[in-house]
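First comes the structure, then the notes that go with it.
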Amino acid sequence: MTEDVRIGVFVCRCGMNIAKSVDVKALTEFASKLPGVTYAEENQFTCSESGQNSIKDAIKTRKLNRVVVASCSPKLHELTFRRAVSEAGLNPFLFEMANIREHCSWPHMHEPERATEKAKHIVAAAVDRSKYLEEIGEREEPVNPTSLVIGAGVAGIESAIGLADCGFQVHLVEREPVIGGKAVQLGKAFPTEDCGACVSPRAPNLHRRCLYEERITHDPRITLHTLSQIKSLSGHIGSFKARIEKKPRFVREDLCIACGKCEEVCPVEVDNGFDASLNRRKAIYLPFVQAIPHAYVLDAESCNRCGRCIEACPTRAISLNETAKTADLDVGTVIVAVGYDEFDPKGMYEYGKLKDVITQLKLARMMDASGPTCGKIVRPSNGRSPKRISMIQCVGSRDKDTHLYCSKVCCMVALKHARSIKMMGPESEVTVLYKDIRPSGREYEEYYTDCQELGVRFLQGDAREVSLNDGALHLSVDLKSGERTKVESDLVVLTCGLTPPKGLEELSRTLNLSLSPDGFLMEQHPKLAPIDTNMEGIYICGACQGPKDIPESITQAMGTVARASIPMATGKVRIDLAKAVVDESLCIGCANCAEACPYNAIEMVRPGVATVIEVACKGCGVCAAECPARAIELRHYKDRQIFAAVEGVLRGA
């Protein structure tokens, strides 16, 4: 500390969030008497426009060269206050934030004296640390105007098309042989009751359009990679390097005319996963009628290599010698939209043992006019139409033995199907066994009232077991009223929750993304950055971030298009230099820092010297802790700054 510091302290009441347990007036008076503090004041909401203006005015009139704000978590408003002090002409890194809400007032809500005392220690630490803060600059890095979209469901497709509309090149990667995700299996989707694969209209065409009529395979700005997965991702925002592995299709998309002759001669039959095993398919098959790419694919695990398909193909599009290939992609931004899986209820309610216990997805395939039963609901056990259908809600959700979270869309899935069944066959008996009905979206409540008017029976309680007696399914139900009842059915439908897709944990490690406690991808902040991630330049949308319906997934996809377009449109990204820095004279070249860095931001450019890639560095400090020679430090968290904060805490009041 070589200059005469003039510190301003601004204490926030945060309504009553802080003021209810912390004596803000006493805290402000205490702060005003700390060494180096030339001005202190309290505000109702320091983050408000008036609060920020107060900081700016004080910097100019009081000639402050350090600012401390005692308020909420830095995760919420640190950037807000940095921007405010910067607008007043002060370097943003001469600002320090003291968290007296999450760290003080909230945990000591009923202990005002202790809360106030602790707040004084926290503020004293911030003031002492601020004395040793240094000005830190910024730099610019170029951004590659190409984006990588992982997952080609409705959210991924919307993202890819949106970016292409903005003029950017897009690589759309999908692990399945076709695009569309779960939406193409749903038949009709709420609330519009149209095809689940329809995408939002764009000018000049303002009518609904099916994604199969989209330009996804024809737009020169979009490169589609099916049967492909991300194997590695390195780099940083503006300059990511992705390696993808493409599994063999064994059928050339450019030659296949989808005539079906190969399928006719194939001797191998297996369960059709797309139709939820309601029918069978051949080892070489077209996944569904409107499949994109519209070309056959060979299931290598089922194929017996007889070669009949090769002989039957009139365009010689089939080759059994095809092998996996890899490709390297250079991109500036990444969007992850890998969707979800339906919870597997195996072992629950005799699912997997009794053929007439099915899931809502299997019911959706039945009700799809282009599905395996052409829209007719049948009992898998005998092919007859069921007269009594029962639906069990919250299977795999809101359950301490499976998942505690609500899957958000399950109620609407059941209401949509229940209403459709009653409208197609008023004589059908439909019973919904539920914990709570939660139709939260726009126009969703109408489904519930329609079901009531159509005669759908609603029973609130827990289904305990399902048994088969005399050809009928019997459900034992514990009602919320405390009574127990029996429900007789021909078909039992399990409304299963949404779970993270298979392989998401591995993908998160590859992309260096965080997972939430429920296993979905975690956003940077649930309120302020709901589609950003801990990795700058990587964004998430759709159900891979948590259960959501199609409209919300589309909305999020549009948001990721906007977020990814900003750096690519400007062609550059500004980064602050509050990063790790290596003292080359002390570095012993052990590479511990490079191995420990969670962001791959350190490389050994030459023997004996580590170099920090500043645009990739997040300033986490792991490298500084790992360095045995103490050759690394963080520009905004130097030892003297940290020691000052510790001394301030210990001195306190």
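With equal scatterers on the alpha carbons only and no solvent term, can you work out the Debye log10 of I(q)/I(0) for the range 20-152 at 0.13 1/Å?
With one equal scatterer per Cα and no solvent, log10 I(q)/I(0) is -0.58.
Given a Förster distance of 35 angstrom, what is the FRET efficiency for ARG6 paired with SER514, based on the Cβ-Cβ distance and rounded to 0.05? Display every interim value, and only then the final one.
On the way: r = 40 Å, r/R0 = 1.13.
Plugging the Cβ-Cβ distance into 1/(1 + (r/R0)^6) gives 0.30.
Average projected area of the Cα convex hull of the range 79-206, in nm²?
Value for the range 79-206: 15.8 nm².
For the range 579-634, report the accessible area per residue in Å² (1.4 Å probe, heavy atoms, rounded to an integer).
50 Å²
Round to the nearest 0.05 the FRET efficiency obtained for LYS355 and THR192 when R0 = 41 Å and r is the Cβ-Cβ distance.
Computed FRET efficiency for LYS355 and THR192: 0.80.
Hey, with R₀ at 60 Å, roughly what FRET efficiency would ARG243 and SER32 work out to, going by the Cβ-Cβ distance, to 0.05?
Using R0 = 60 Å, I get an efficiency of 0.55.
Could you derive backbone 3J(HN,Hα) for the range 309-314 from the dihedral phi with the Karplus parameters 6.51, -1.76 and 1.60 (θ = phi - 60°), listing whole Hz in sequence and x where the residue is Gly or Pro?
The phi angles translate into 5, 5, 5, 7, 5, x Hz.
What are the ³J(HN,Hα) values, in whole Hz, obtained from phi via the Karplus relation 6.51 cos²θ - 1.76 cosθ + 1.60 with θ = phi - 60°, for each residue of the range 360-366 in sequence order, with x given for Gly and Pro?
After applying 6.51 cos²θ - 1.76 cosθ + 1.60, I find 5, 5, 5, 5, 4, 5, 5 Hz.
Please work out the C-alpha center-to-center distance from the range 47-74 to the range 164-182 and express it in whole Å.
Rounded to whole Å, the Cα centres lie 46 Å apart.
Before I look further, what does the range 19-100 give for accessible area per residue, probe 1.4 Å, in whole square angstrom?
Working: 3570 Å² over 82 residues.
Per residue, the range 19-100 has 43 Å² of solvent-accessible surface.
So the label point goes 7 Å from the Cα of PHE45 along Cα→C-beta, right? Which residues of the range 517-556 then have their backbone N under 18 Å from it?
527-529, by backbone N distance to the label point.
What is the sum of charges around TYR39, taking Lys and Arg as +1, Asp and Glu as -1, for the other residues whose C-beta is under 14 Å from the C-beta of TYR39?
Net charge in that neighbourhood comes out at +3.
Once you've got the Cα coordinates, tell me which of LYS182/LYS282; LYS188/LYS247; LYS60/LYS618; LYS387/LYS502; LYS25/LYS56 are over 25 Å apart.
Checking Cα-Cα distances, LYS188/LYS247; LYS60/LYS618; LYS387/LYS502 exceed 25 Å.
May I ask for the Rg/Rh ratio of the range 248-323, computed from Cα atoms with Rh as the Kirkwood radius, given to two decimals? All intermediate terms of the calculation are to be shown ahead of the outcome.
Details: Rg = 11.5 Å, Rh = 12.4 Å.
Taking Rh as the inverse mean 1/r over Cα pairs, Rg/Rh reads 0.93.
Modelling each spin label as a point 7 Å along the Cα-to-Cβ direction, I'd like the ALA327/ARG280 distance in nm, to one decimal.
In this crude spin-label approximation the distance works out to 3.6 nm.
Considering only C-alpha atoms, what is the centroid distance from the range 90-127 to the range 344-412, in Å?
52 Å
What's the ranking of 348-354, 76-82 by average number of surrounding C-beta atoms within 10 Å, highest first?
76-82, 348-354
How large is the Kirkwood hydrodynamic radius of the range 513-653, in angstrom, based on all distinct alpha carbon pairs?
Taking every pair of different Cα atoms in the range 513-653, averaging 1/r and inverting gives 17.8 Å.
Between ILE566 and ARG388, what is the spin-label point distance in nm, taking each point 7 Å from the Cα along the Cα→C-beta axis?
With each label point 7 Å from Cα toward Cβ, the separation is 5.8 nm.
What nm value, rounded to one decimal, do you get for the distance between GLU301 and ARG484 when each label is placed 7 Å out toward the C-beta?
4.1 nm
What residues qualify as long-range amide H neighbours of VAL582, i.e. H under 5 Å apart, gap of 5 or more or another chain, H built at 1.01 Å from N?
VAL612
For CYS259 and SER440 in one chain, what is 0.36 nm times their gap in residues minus the Cα-Cα distance, to one decimal in nm?
Extending this stretch completely gives an extra 60.6 nm.
Using a 1.4 angstrom probe on heavy atoms only, work out the carbon and sulfur share of the accessible area of the chain in %.
Taking all protein chains in place, the chain shows 49 percent carbon and sulfur surface.
Summing Lys, Arg as +1 and Asp, Glu as -1, what charge do residues with Cβ under 14 Å from the Cβ of SER397 carry, SER397 excluded?
Here the count lands on -2.
Please compute the length gained on full extension between SER232 and ARG114, using 0.36 nm multiplied by the number of residues separating them and subtracting their Cα-Cα distance.
37.4 nm
In the neighborhood of THR533, defined by Cβ-to-Cβ distances under 14 Å, what is the net charge if each Lys or Arg adds +1 and each Asp or Glu adds -1? Show your work: numbers first, answer last.
Numbers: positive: ARG509, ARG563, LYS618; negative: GLU523, ASP532, GLU536.
Around THR533, the charge tally is 0.
What share of Cα pairs, in percent, lie more than 44 angstrom apart in the chain?
Distances greater than 44 Å cover 38 percent of the Cα pairs.
Would you mind getting the accessible area per residue of the range 341-499, heavy atoms of the protein chains only, 1.4 Å probe, in Å²?
Numbers: 7510 Å² over 159 residues.
Dividing the accessible area of the range 341-499 by its residue count gives 47 Å².
With each run of n ≥ 4 DSSP H residues scored as -39500 (n - 2.57), what mean residue ellipticity at 222 nm is computed for the chain after dividing by its residue count and rounding to the nearest 500 deg cm²/dmol? Don't skip to the answer; put the middle values down first.
On the way: 15 runs with 162 residues, N = 653.
Here the helix-only value at 222 nm equals -7500 deg cm²/dmol.
Karplus couplings for the range 96-104 from phi (6.51 cos²θ - 1.76 cosθ + 1.60, θ = phi - 60°), rounded to Hz, Gly and Pro as x?
Those phi angles translate into 10, 10, 10, 8, 10, 9, 4, 8, 9 Hz.
Subtracting the Cα-Cα distance from 0.36 nm times the residue separation, let me have the gained length for MET16 to SER370 in nm, one decimal.
121.6 nm
Please state the relative contact order of the chain as a whole percent: Cα pairs under 8 Å, 6+ residues apart? It would help to have the intermediate numbers written out before the result.
On the way: 1394 pairs, mean separation 92.6, N = 653.
This gives 14 percent for the chain.
Over the range 341-499, what per residue volume does the convex hull of the Cα atoms give, in whole Å³? Don't jump to the answer; show the numbers that get you there.
Working: hull volume 18.8 nm³, N = 159.
Dividing the Cα hull volume of the range 341-499 by its residues yields 118 Å³.
The values are calculated or read from the model by the stated rules, or taken from the named source; none is laboratory data. Model, not experiment: these values are computed from the prediction. Virtual Cβ from ideal backbone geometry, glycine too; neighbours counted across all protein chains shown. Calculation scope for accessible area: heavy atoms of the full protein, side chains included, ligands and nucleic acids excluded. Shrake-Rupley method; radii C 1.70, N 1.55, O 1.52, S 1.80 Å.
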